[in-house]
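The values are calculated or read from the model by the stated rules, or taken from the named source; none is laboratory data. Note that the coordinates shown come from a computational prediction; the quantities given were computed from them, not determined experimentally. Methodologically, a virtual Cβ is constructed for each residue, glycine included, from the backbone with ideal geometry; neighbour enumeration extends over all protein chains shown. With ligands, DNA and RNA removed, areas are computed over all heavy atoms of the protein, side chains included. Shrake-Rupley method; radii C 1.70, N 1.55, O 1.52, S 1.80 Å.
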Amino acid sequence: LLTHLDLSYTRVQDGALVAAGKHAPLLEAVTINGSRLGSFTDAGVHALVDGCPHVTQLTLCPAGGITNASLAAVAQRWPRLQHLDLYASAVTDEGIVAVAHGCGELKLLSIGSTAVTSASVIAIARHCHLLTQLDVSYTDGATDASVAAIAIGCPSLRRLDMRYAGEITDTGM
């Protein structure tokens, strides 16, 4: 049965996520890059989350139609999630904090070009100790306090992307 699904650079919409949720219950990885902004929404993500309990890797970007409601469902239903890429999505601190609390096995998190702040980064540092890669580029997520929290809370971190992200000073580094 299908375990990996990549629909990047297609014209898929919520229907594809609903179909995956209904017909591919053993999915472990879902990737949709380069789809039209907003072509999938919370309804599609909820169908995927409800029907595919084994997902450990999710890439949906850009994802302008995905909101914090989707991330609350992800946090609740996918505690073993290891890879989450929501670059250029509509999520905010509320959703990312929920993911940080619910998905402690995250190893890769990409939330660049979103509306997150240092509150998200600090929550990630407090709850996602296995993190090896973090992208908060083009956000307000990087501050001296959040950098310090990451340094303490994420000992396995190997890649940190903070381009154009907040206000880091020499103190933070």
Selection count, segment 1-22, where residues are touching a helix residue (DSSP H, G or I) at 6+ places or on another chain (Cβ under 8 Å) and part of a helix (DSSP H, G or I) = 8
Looking only at segment 144-173, which residues are assigned to a loop (DSSP other than H, G, I, E, B), within 18 Å of Leu109 (Cα to Cα) and open to solvent by less than 90 Å² (accessible area, probe 1.4 Å)?
-> Cys154, Ser156, Leu157, Met162, Ala165, Gly166
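Here's the yes/no breakdown for (1) outside any strand (DSSP E or B); (2) within 20 Å of Ile150 (Cβ to Cβ); (3) among the small types (Gly, Ala, Ser):
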| position | (1), (2), (3) |
| --- | --- |
| Pro53 | yes, no, no |
| Leu60 | no, no, no |
| Ile66 | yes, no, no |
| Gln76 | yes, no, no |
| Pro79 | yes, no, no |
| Leu84 | no, yes, no |
| Val91 | yes, yes, no |
| Val99 | yes, yes, no |
Confirm whether Ala43 is farther than 18 Å from Ile124 by Cα and either in a helix (DSSP H, G or I) or at pLDDT 95 or above (or both).
-> yes
Being open to solvent by 20 Å² or more (accessible area, probe 1.4 Å), hydrophobic (A, V, I, L, M, F, W, C) and more than 14 Å from the chain's Cα centre (by Cα) narrows Ala69, Ala19 down to just Ala19
Can you tell me which residue within segment 106-124, out of those that are among the β-branched types (Val, Ile, Thr) and under 13 Å from Cys154 (Cβ atoms), is surrounded by the most Cβ atoms within 10 Å (Cβ to Cβ)?
-> Val121
Taking Leu7, is it more than 22 Å from Val99 (Cα to Cα), in contact with a strand residue (DSSP E or B) (Cβ under 6 Å, 6 or more places away or on another chain) and crowded, with 17+ Cβ neighbours inside 10 Å?
-> yes
Residue count, segment 44-66 (criterion: within 16 Å of Thr139 (Cα to Cα) and open to solvent by less than 30 Å² (accessible area, probe 1.4 Å)) | 2
